[in-house]
1. So how do 271-281, 62-72 stack up, highest first, on mean other-Cβ count within 10 Å?
2. Which lysines have a Cα lying under 22 Å from the Cα of K22, excluding residues fewer than 8 positions away in the same chain?
3. Can you give me the long-range amide H partners of E229? Hydrogens built in the peptide plane at 1.01 Å from N, cutoff under 5 Å, separation of 5 or more residues or another chain.
4. Using the Karplus curve 6.51 cos²θ - 1.76 cosθ + 1.60 with θ = phi - 60°, what ³J(HN,Hα) values do you get for each residue of the range 177-185, in whole Hz, with x for Gly and Pro?
5. Sort the range 238-306 into rounded, prolate or oblate with this rule: let a ≥ b ≥ c be the square roots of the eigenvalues of the Cα gyration tensor; rounded if a/c is under 1.5, and if a/c is not under 1.5, prolate when a/b is larger than b/c, oblate otherwise.
6. Once the other residues with Cβ under 12 Å from the Cβ of L347 are scored (Lys, Arg +1; Asp, Glu -1), what is the net sum?
7. So what is the relative contact order of the range 301-374, in percent, for Cα pairs below 8 Å that sit 6 or more residues apart?
8. What shape does the range 229-373 take by its C-alpha gyration tensor, where a ≥ b ≥ c are the square roots of the eigenvalues and a/c under 1.5 counts as rounded, a/b above b/c as prolate, and the rest as oblate?
Amino acid sequence: MLSRASIRAYSTIPNAVKVASKESGHNFTNLSVVINNAGAATGKSGLSHLLSKFTFLSNGAKSALRFTRESELLGGTFESQVTRDALVLKTSFLKQDLPYFVEALGNVVSNTKFLPHEYSEVVLPAAKTEATLAKADPIFQGVEKLHEITFRKGLGNPLFYNESTPISVEEIAEFAKEQFTGENVSIVAEGAIEEDLTKFVSESAFCYIPANSSSSIKALPLQTFNGQEARIPAAGASSAVIGIPVKPADFGKYEVLSAAIGTASAPHASAPLAQIPGANSHLYKYKDAGLFVISVAGEASQVAQGIRQAKAAAESISAAELTDAVKVAELSVALQSSIDAPVDVKLTAEKAPISEFNYVAVGNLDVLPYANEL
């Protein structure tokens, strides 16, 4: 299944920045800048997360306060998001304000000041708060630990900053300089005419970023590990998560398996996981690998029973059930796809093995089972 959002051809400007857009019938535009190789998997742990909090602060053209006030007056919104593959800057605004927001994003990418007082007063507190809130979710904790024990480095890096890793403002500025290059930057929009968008980008501050990187950061060889287990004591709700590393060529198998057993991306009442309180499945897809996750969250004794049932349900899915799930998987993939994160997966109703897996338990460890008890 190829999502409509992923069907696009890029235009480029001279410094290799890629531009793509699709029109819509709405009177507003969603504009995103996707900076590949600037996500959590690249560089020092937490570096990308801190960099994301520096975006939309003071740059050579405007102060953070001025940009915020002007955006509010125009009715626009803006945010930054870290994934493991990329740093994504997102804005939404009325169509006629496209030139303003293209220039504003260009200044973010090419001209951020990285002021020390903004680092201590804004960036660090915002990053710490986001990390703390995320860690209150037992599923988030479990999935993060699954990434760590499955990939170790690179994709195993934590998504968010942790104070145990010291990072200076100079390191953040250097990371941005190395990764904010034309070859890494894609500008995508929904609700804009591509010719207009390309013209505005070519006349904006995006032209000031170099085409290529002189980065000393080398991509680590991808390694995956199976049979790993971790247990994290925590108060409150518990979770148990099973993870299986997946090659990109096998994404289609696991998307169909996820649809067959049940996924929040495209829920249906008859799915096996829909009968288990707090159960879900999801395939985390990255450029070089994926992680298929089956999870259960809730009260510890309920989770202990539920994760056993969920694993058994995945193991017992028949070939006929996989075939029947292909249409649901098509819907799931389409719903996961967006203009800044298109999903292009060739679905196949082949058996997706789950016999070798990693496992994380979070919460009341006196009650939650070990991997060999599943």
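1. Values: 271-281: 20.5, 62-72: 14.5.
Descending packing order for the listed peptides: 271-281, 62-72.
2. The reachable lysines, counting only those whose Cα sits under 22 Å from K22, are K90, K95, K199.
3. Those qualifying (amide H under 5 Å, at least 5 residues apart or on another chain) are Y359.
4. Coupling constants for the range 177-185: 4, 6, 9, 7, 10, x, 5, 9, 9 Hz.
5. On the way: a/c = 2.98, a/b = 1.57, b/c = 1.90.
Cα axes put the range 238-306 in the oblate bin.
6. Working: positive: K253, K327, K346; negative: D250, E255, E330, D344, E350.
Value of the local net charge: -2.
7. Working: 35 pairs, mean separation 31.2, N = 74.
It rounds to 42 percent for the range 301-374.
8. Numbers: a/c = 1.80, a/b = 1.60, b/c = 1.13.
Verdict is prolate for the range 229-373.
The values are calculated or read from the model by the stated rules, or taken from the named source; none is laboratory data. Please read all numbers here as calculations on a predicted model, not as lab measurements. Positions of Cβ are backbone-derived with ideal geometry, glycine not excepted, and every protein chain shown enters the neighbour counts. Calculation scope for accessible area: heavy atoms of the full protein, side chains included, ligands and nucleic acids excluded. Shrake-Rupley method; radii C 1.70, N 1.55, O 1.52, S 1.80 Å.
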